[in-house]
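Notes for the one structure printed next.
Every number here is computed from the coordinates shown, using simple stated rules; none is lab data. In this text, all values refer to a predicted model and were calculated from it rather than measured experimentally. Cβ: placed from backbone, ideal geometry, glycine included. Neighbour counts: every protein chain shown.
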Amino acid sequence: MSRTALVVDDAATVRMYHSAILRGAGFDVVEAANGYEALEVASGRTFEVMLVDVNMPRMDGYALVSAVRREGPNRETPVVMVTTEDDPSDAERGYRCGANVYLPKPVPAARLASVVTMVAGADPS
């Protein structure tokens, strides 16, 4: 049984890059280009981990994570926020809304794979 990750970022190149890293770490990946799209996708299935950008149009990552934590099948899903916002107050806000890990960009590929694998737990296969 494979593990599935949701990668949410409004930048297509960042989504592709993060998705490639997670696929290399053994995850199946579903992508969403914004918070609303991510909520729609996440309402119908459970993910082992969510990788979420902060700065997105219409619904930012903070609002997305808050909404996921309020209801739905991914209320307990680990969330890794990956963002250019690197002020300590931004990280604090990320943790307050429900993120498990807050990583400022750029994140080296090996570190991102390691963190996501760690928070997602052991591979059931």
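Ignoring everything except DSSP H segments at least 4 long, calculate the 222 nm mean residue ellipticity for the chain; use -39,500 (n - 2.57) per segment, divide by total residues, nearest 500. The partial results should precede the final answer.
Working: 5 runs with 54 residues, N = 125.
Computed ellipticity for the chain at 222 nm equals -13000 deg cm²/dmol.
Restricted to Cα positions, what overall size does the chain have along the principal axes? Three whole-Å values, descending.
37, 31, 24
Using the Cα gyration tensor of the stretch 76-125, with a ≥ b ≥ c the square roots of its eigenvalues, what is the shape: rounded (a/c below 1.5), prolate (a/b larger than b/c) or oblate (neither)?
On the way: a/c = 3.91, a/b = 1.45, b/c = 2.69.
Judged from the Cα gyration tensor, the stretch 76-125 comes out oblate (a/c at least 1.5, b/c at or above a/b).
What distance in nm separates the two pseudo spin-label positions at Ala110 and Ser2, each 7 Å out from Cα along the beta-carbon direction?
Taking the two extended label points, one gets 2.5 nm.
Charges at C-beta only: +1 for Lys and Arg, -1 for Asp and Glu. How large is the resulting dipole of the stretch 5-51 about its Cα centre, in Debye rounded to 20? Walk me through the numbers before you get to the answer.
Values: 3 positive and 7 negative charges, 27 e Å.
Value, rounded to 20: 140 debye.
Hey, got the dipole for the chain? About the Cα centre, +1 on K and R Cβ, -1 on D and E Cβ, debye to the nearest 20?
That gives a dipole near 220 debye.
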